[in-house]
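The values are calculated or read from the model by the stated rules, or taken from the named source; none is laboratory data. Please read all numbers here as calculations on a predicted model, not as lab measurements. So basically every Cβ, Gly included, is an ideal-geometry build from the backbone, and we count neighbours across all protein chains shown. Surface areas here come from the heavy atoms of the whole protein model, side chains and all, with no ligands, DNA or RNA. Shrake-Rupley method; radii C 1.70, N 1.55, O 1.52, S 1.80 Å.
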Amino acid sequence: MEVTIRGRNVEVTDRLRAAAEEKVSRLSRHHEGWEQAEVQFIEERNPRISAKEVCEATLRGHGRIIRAKAASADSM
């Protein structure tokens, strides 16, 4: 599986990259056939938003697309 990890308004550290790759690889072990995974870390710059750290994951394969989004006040 091809895994792409990007950050917008945030630096993706080695620890964060390793955690994301481990989580995506765990998913691919349970569900075979995923071709591509894209993980994007975003820091919202709006002061009214309390959960500023956002992670979006998109998996593609077998003509299917799965998307997930999580937000938190802290990245780890």
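Taking the protein heavy atoms of the chain in the context of the full set of protein chains, the accessible area attributed to carbon and sulfur is 46 percent at 1.4 Å. Across the chain, the volume of the C-alpha convex hull divided among the residues equals 86 Å³ per residue. Residues with beta-carbon under 9 Å from that of Arg60, excluding Arg60: net charge, scoring Lys, Arg +1 and Asp, Glu -1? Combined, the nearby Lys, Arg, Asp and Glu give -1. Among Ile66, Ala20, His30, pick out the residue whose Cα is farthest towards the positive end of the charge dipole of the chain, where Lys and Arg carry +1 and Asp and Glu carry -1 on C-beta, about the Cα centre. About the Cα centre, the residue reaching furthest to the positive side is Ile66. Result for the chain in a Gaussian network model with C-alpha springs under 10 Å: among Glu35, Glu43, Glu21, the largest mean-square fluctuation is at Glu35. Between Arg17 and Arg64, the FRET efficiency from the beta-carbon distance, with R0 = 25 Å, is close to 0.50. Rolling a 1.4 Å probe across the protein heavy atoms gives region 1-74 an accessible surface of 74 Å² per residue. Which stretch or stretches of region 33-57 have amide N atoms under 14 Å from the point lying 7 Å from Arg6's Cα along the Cα→Cβ direction? 37-43, 56-57, by backbone N distance to the label point.
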